[in-house]
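The block underneath contains the structure these notes are about, expressed in structure tokens.
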Amino acid sequence: MYDLVIKNGKLVTPDRIFDAVIAVKDGKFAGFFAPGTDVEGKETVDAKGNLVYPGIIDCHAHLNEPGFEYREDFETGSRAAAAAGCTTLIDMPLNNDPSLMNKEIFDLKMSKISRHSYVDYGLWGGLVGDFDDKPDSVKNNMDDLLDLEKCGVAAFKGFTCPNGPLFPTVNLGNIRKALEILKPTGAVCGFHCEEYGQVLEREKDAKAKTNQTREQKIRDFLDAHDVWTEYVATKNVIDMARATGARVHICHVSHPMVAQVVKDAQHEGLPITAETCPHYLGFTEDFVFEKGGPAKCTPPLRTQDAVDGLWDYVLDGTLSCVGSDHSPAADEEKDNATKDIWQAWGGLNAIQYFLPMMFDMTVHQKHLSPTLIAKVMDYNPAKIFGFWGRKGAFEIGFDADIVILDPEKEWQVEQDKLYTKGHVTCFDGLTGKGAPTATYIRGRKVAENGKYIEDAKGTGEFIRPIK
């Protein structure tokens, strides 16, 4: 007898949708049977003809623990993720204090987050340069990269733009050295690509202006982070991949001009992958003018032409993953009444509607197949970040991570009902169709009808890449 049987579901993979009965034993997929097959289970669930996905993987999330728990911690962030159908997330090494830069900090972080995650999780390791030459300032962590890789981080993350003292910017020398160190391990190095000098100078000039209106400040912010900053940094990083042959991942691509650089590198045969986010596929810079600080992120939202063009690179596989880039803030850090665009925290509260937003845009707005979701939020991230063999597919022996999704279920973002610690989100009031009715991790239900299950706290396990 199986532990869990799910019948009457339409299973979604990257290349097809088919009817099947799912059988789960000891937390793993143990069998897939033709519709109508009599399969015994301790628990039997009727999917009622809804779509059934392998559990969603969010490859890019900031849960802020340790150090910035006032914004978010693993309990609050992961319960919101579970409600949205996410069963595995990969947490960024920032914003943490200390940032995840060495084995000692890895052990510290694990001692905290492993106690209360609702979902399975991997970790990005940090890749940082020197902040300054003062003895007590953060220094580059080139000598710690191999130890971090042995700890089981899924990838390494660096910033090419001004980023503050806790997670200092990497220069091209740091990037090249890190890629040389990590190439033999096959590790992935991901980068936030905005070119340091352009951002620094353009922000400095913009902030020096006086008597600016709200709209003028927003325009200046968008221009200080224009596509050329992202384009140049992406080309520089890819050049370092070309020089070393190491694996590189371009994070949160916001513009088709940048995606084309990635595509050219892939056609050249370089080991380059890239991701984008739902907000770059569905929202424009007009949204920033409308919402103000709550819609501030970097790279920023672009024009409608850029949004439309970016979809082509998702469809052709250039942008192989979609991540939430959930980067929460305390409510006061996103308050338009007290903060202008320069003072507001840069990041979006997005994790609780990650799958519903992407599904609505893909299926109901673009009239594309639901299989695209399985490709960019299951199969590809599992392959890229080393989880294939456990995550991302309906395969015998894989973890029984399952999301039952009603494609017609209506939803609305209500920020006062979010499960995240901060409640200000630019998506407040947004509506759409397509939402999970149940989320299972290794055969255990962790959320139902948009609500996390309280006693599922601590279900989440650390996932190491499979080498």
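Okay, here's what the table says:
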quantity	calculated
Sorted largest first, extent of the range 331-467 alpha carbons per principal axis (Å)	53, 34, 31
Accessible area (Å², per residue) of the range 1-88, counting only protein heavy atoms and a probe of 1.4 Å	36
Within the accessible area of the range 180-303 (1.4 Å probe), percent carbon and sulfur	50
Using alpha-carbon coordinates, inclination of helix 227-244 to the longest axis of the chain, degrees	80
Pairwise centroid distance, computed over Cα atoms, of the range 382-409 with the range 354-374, Å	17
Accessible area of the range 1-54 belonging to carbon and sulfur atoms, whole % at 1.4 Å probe	46
Restraint check, Lys25/Lys391; Lys112/Lys391; Lys409/Lys457; Lys291/Lys433, Cα-Cα greater than 20 Å	Lys112/Lys391; Lys409/Lys457; Lys291/Lys433
Nearby lysines by direct alpha-carbon distance to Lys207 (threshold 18 angstrom, same-chain neighbours under 8 apart not counted)	Lys217, Lys296, Lys339
Protection-proxy order for peptides 84-91, 216-223, 33-40, each taking the mean of Cβ atoms within 10 Å per residue, highest first	84-91, 216-223, 33-40
In degrees, nearest ten, helix 304-315 long axis to first principal axis of the chain (Cα)	50
Protein accessible area in the range 313-358, 1.4 Å probe - carbon and sulfur %	47
Alpha-carbon centroid distance for the pair the range 295-349 / the range 47-117, whole angstrom	19
Accessible area (Å², per residue) of the range 141-255, counting only protein heavy atoms and a probe of 1.4 Å	40
For the range 258-298: accessible area per residue (Å², 1.4 Å)	32
Helix axis angle, 214-224 relative to the chain longest principal axis, alpha carbon, degrees	90
Option label - volume of the Cα convex hull per residue in Å³ computed here, alternatives (i) 156; (ii) 278; (iii) 130	(iii)
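The values are calculated or read from the model by the stated rules, or taken from the named source; none is laboratory data. Just so it is clear, the structure is predicted and the values come from calculations on it, not from any experiment. Using ideal geometry, Cβ is built from the backbone for each residue, glycine included, and neighbour counts are taken over all protein chains shown. Just the protein is used for accessible areas: all its heavy atoms, side chains included, with ligands, DNA and RNA removed. Shrake-Rupley method; radii C 1.70, N 1.55, O 1.52, S 1.80 Å.
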